[in-house]
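Worksheet: one structure, shown below.
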């Protein structure tokens, strides 16, 4: 009888001890979960969350560049053509032409333009929202194949503006010949008479 009571007390003690251990484990788990939640809330308040959208657009645009070699060739060709035309006028004889330009010739190539736009939305700890937009533009000159060489793809060439012309001719001592030369140059260049000077060649 006494042994049975002692055994019952021992069993109850073990059950109470086991219950305490279970309660302690449960409290520890709750404590860990609480710390984890607080830590996430704290980090969320000090960091920003955002969404980013990126859009890209492309197209062809024109831009001015200057080709020195082409300018020289154009100028010389025009002078040679004037000399050839004027020398065929009766009484002119041999002739030399010099053309003065106020600005240089330029070629207008085609650019391939790509524009990238990034939109970012950020939220701070106080609930404020900040929208940030960034735009980047990249331009690349378009080239075309010419045999084994690459050449810039040109949309158009702007001719230089002619400011004046000086001409020396063998037959310029004759007033009629001189007038014919001036009239011919005026017709080709659209210059006024005072900008066309004609002299007798030595």
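Coordinate-derived values only; no laboratory data. Values in this document were obtained by computation on a predicted structure and should not be read as measured data. Positions of Cβ are generated from backbone atoms using ideal geometry, with glycine treated the same way; all protein chains shown enter the neighbour counts.
Structure notes:
- Protection proxy ranking of 85-91, 125-131, by the mean of other Cβ atoms within 10 Å over each peptide's residues and highest first, is 85-91, 125-131.
- Its convex hull of Cα atoms gives region 161-202 a direction-averaged projected area, equal to a quarter of the hull surface, of 2.8 nm².
- Cα extents of region 125-181 along the three principal axes, largest first (Å): 94, 39, 13
- Scattering profile of region 82-166 at q = 0.12, 0.22, 0.23, 0.24 Å⁻¹ [log10 I(q)/I(0), Debye over alpha-carbon scatterers]: -0.73, -1.05, -1.08, -1.11
- In terms of the mean number of neighbouring beta-carbon atoms within 10 Å, the peptides 163-170, 174-181, 137-144 order highest first as 163-170, 174-181, 137-144.
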